[in-house]
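Heads up: the structure comes next, in structure tokens.
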Amino acid sequence: MNRRLAAATLLAFPALAGLFHLLGQSGLRPLDGYLAGLAVYWALLALALRRCGEWSLRLRRPSAPAVLALAALVAAAALWSGDAPGRLSPHVLAAVALAALLNGTLEEGFWRGALIPRPGPAAQVLAAALFVLWHLAPAMGAARLSGQGAATMIAGAALIAPFMMAARLSSGTAGAGALAHALVNFFIFAGLAAGKGATL
């Protein structure tokens, strides 16, 4: 595990949680405040990835069980979103797609890439725990957006983490996980933008 990145991640948690909370109370529309917080998070991930090596988003096929698991996650997200993507205006749909692409690729590149260049068992567990813990920060802003507390967001992160890690381990890169993560995010973000948050 990259210990410097892990330490920086732990230090960043409270600051990001505070930022999401402040943005949620700032008077901005809930979705605008949430996206502003995510933009800061993405910028930090991009900065970390630029400074670190030993990570790859090259698309390599994971093991068959990992592929099936990733496909199931994407299908479940698509079923949840229903017709939400079709109800969004073109510019909102484009923003949703961009946000999903950024979040999926940057998160996988960081959490299943740069953070664990040589993912031994202990590093895998710690990286998964940090990934789940991080979701407490955006949960501070998601309550206004979706009507749900931290539990839903933490449960979602805990659900996808082992499958994304399995794809990383069996393929050697974070590419397949990034693709699946972006697709899952697309359907979830589309549902939130269409007002499905209260039914999460």
Going residue by residue through the range 10-20, is there one that turns out to be open to solvent by less than 60 Å² (accessible area, probe 1.4 Å), within 17 Å of PHE189 (Cβ to Cβ) and assigned to a helix (DSSP H, G or I)? yes
Please determine whether any residue of the range 21-33 is touching a Ser or Thr at 6+ places or on another chain (Cβ under 6 Å), surrounded by fewer than 18 Cβ atoms within 10 Å (Cβ to Cβ) and not in a helix (DSSP H, G or I). no
Looking at the range 72-80, is at least one residue aromatic (Phe, Trp, Tyr), out of contact with any strand residue (DSSP E or B) (no Cβ under 6 Å at 6 or more places or on another chain) and closer than 18 Å to LEU5 by Cβ? no
Could you tell me which of the residues ALA36, ALA17, ALA6 is under 30 Å from PRO121 (Cβ atoms) and touching a helix residue (DSSP H, G or I) at 6+ places or on another chain (Cβ under 6 Å)? ALA17
Counting only residues that are open to solvent by 30 Å² or more (accessible area, probe 1.4 Å), at negative phi and in contact (Cβ under 8 Å) with a residue 60 or more places away in the chain, give me the helices (runs of 4 or more DSSP H) lying completely in the range 38-133 with at least 3 of them. 64-81, 90-109
Name the residues in the range 134-144 that are open to solvent by less than 50 Å² (accessible area, probe 1.4 Å) and assigned to a helix (DSSP H, G or I), would you? TRP134, ALA137, PRO138, ALA139, GLY141, ALA142, ALA143
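The values are calculated or read from the model by the stated rules, or taken from the named source; none is laboratory data. The model shown is predicted, which means the values in this text are computed figures rather than measured ones. Every residue, glycine as well, gets a Cβ built from its backbone with ideal geometry; the counts of neighbours run over all protein chains shown. Each accessible area value is taken on the protein alone, full model and side chains, heavy atoms only, with ligands, DNA and RNA left out. Shrake-Rupley method; radii C 1.70, N 1.55, O 1.52, S 1.80 Å.
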